[in-house]
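Scroll down for the structure; my scribbles are underneath it.
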Amino acid sequence: MSRPLLLGAVAYDPKVVTIWDGFRAWFRARGLDLDYVLYSHYERQVEDLLAGRIDLAWNSPLAWIRAERLARARGLPLRTVAMRDTDRDLTSVIVVRADSDLHSPGDLRGRTVATGAVDSPQATLLPLALLRGLGVDPEADGTLLRFDVGVGLHGDHIGGERDAATALLAGRADAACLIDANLLLFGRDGTLPSASVRVLAQTEPYDHCNMSVAPQADPALVDQFGELLLSMSYADDSARPLLDLEGLKEWLPGRTDRYAALDQAVSDTGFYDPDGALGADDYRP
């Protein structure tokens, strides 16, 4: 008896069990034997993907960068089969209080900038890279106030971003780094009341998570998985609750051309070395 196609996902929230239990049943009802394994952080998931212990990995953008580097160093192929519609063309923003005297990124020299966790692409690595590109390094030119919530989850846990936003409103920080979607969320849930902040700077669009494929995975099974995944319809009563839990309306083909800015930020900071080894001194997933 052949083993099922095995998918890895990171347990950033209790709902992850509900999500992948539902996907497992949905795929099995359509003739594909799918199972999943949960990880406490992305680094082990990526290592298991490259070792062939899992066939697919629901990877963060930072996990994709590491997987790509590990694969390249070993001469192995790596591809992505799908991503959510909500993973495409996102931006990160640096916000200040609406009544702040800060009007350009250069004004942040000597000030305190709040970020999410050390391994958050959207709330740390990308916005800090944006500031460095504009001639401002909060670690060298001011104070970096980092909220290391859920380290190892690559920013999937938004607690660090929420703490950064709260610190901004409380006056403990002069600016906060957030993904644009959480800026909207925090406006809706009252974390950042209406008209309390304004955007000082914004990154270029980038992509977020993708479904990465292990080099050793059975191509026919992966293709079957991809076809079924892309066929999921929001109009389908059996699929809609799962899509809602996973935060999308439609699965789209995976693409990898919108990770360049994050890859450069990883290189600039030495977060991973060129062969995918962990490089950040203060990163312990």
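Details
- Of residues in region 240-285 being among the acidic types (Asp, Glu), more than 14 Å from Ser120 (Cα to Cα) and assigned to a helix (DSSP H, G or I), the one nearest to the chain's Cα centre (by Cα): Glu246
- Residues (open to solvent by 40 Å² or more (accessible area, probe 1.4 Å) and among the hydroxyl-bearing types (Ser, Thr, Tyr)) located in region 252-281: Thr256, Ser267, Thr269
- Odd one out for Asp180 among (1) over 15 Å from Ile94 (Cβ atoms); (2) of a type outside the set (Phe, Trp, Tyr); (3) modelled with pLDDT of 95 or more; (4) within 14 Å of the chain's Cα centre (by Cα): (1)
- Considering only residues in region 141-182 that are in contact with a Lys or Arg (Cβ under 7 Å, 6 or more places away or on another chain) and not aliphatic (A, V, I, L, M), the one that is most open to solvent (accessible area, probe 1.4 Å) turns out to be Asp141.
- Selection of region 24-55 for residues being in contact with a Gly (Cβ under 7 Å, 6 or more places away or on another chain) and either of a type in the set (A, V, I, L, M, F, W, C) or closer than 17 Å to Ala220 by Cβ (or both) yields Val37, Leu49, Ile54.
- Qualifying residue in region 243-251 (condition: basic (Lys, Arg) and surrounded by 17 or more Cβ atoms within 10 Å (Cβ to Cβ)): no
- Count of residues meeting criterion [under 22 Å from the mean Cα position of the chain (by Cα) and open to solvent by less than 40 Å² (accessible area, probe 1.4 Å)] in region 193-202: 1
- Any strands (runs of 3 or more DSSP E) falling wholly within region 1-97 and containing at least 3 residues that are on the phi < 0 side of the Ramachandran plot, surrounded by 15 or more Cβ atoms within 10 Å (Cβ to Cβ) and free of Cβ contacts under 8 Å to residues at least 60 places away in the same chain: 5-10, 34-39
The values are calculated or read from the model by the stated rules, or taken from the named source; none is laboratory data. In this text, all values refer to a predicted model and were calculated from it rather than measured experimentally. Methodologically, a virtual Cβ is constructed for each residue, glycine included, from the backbone with ideal geometry; neighbour enumeration extends over all protein chains shown. For the accessible areas, the whole protein counts, side chains as well, though only heavy atoms, and no ligand, DNA or RNA atoms are used. Shrake-Rupley method; radii C 1.70, N 1.55, O 1.52, S 1.80 Å.
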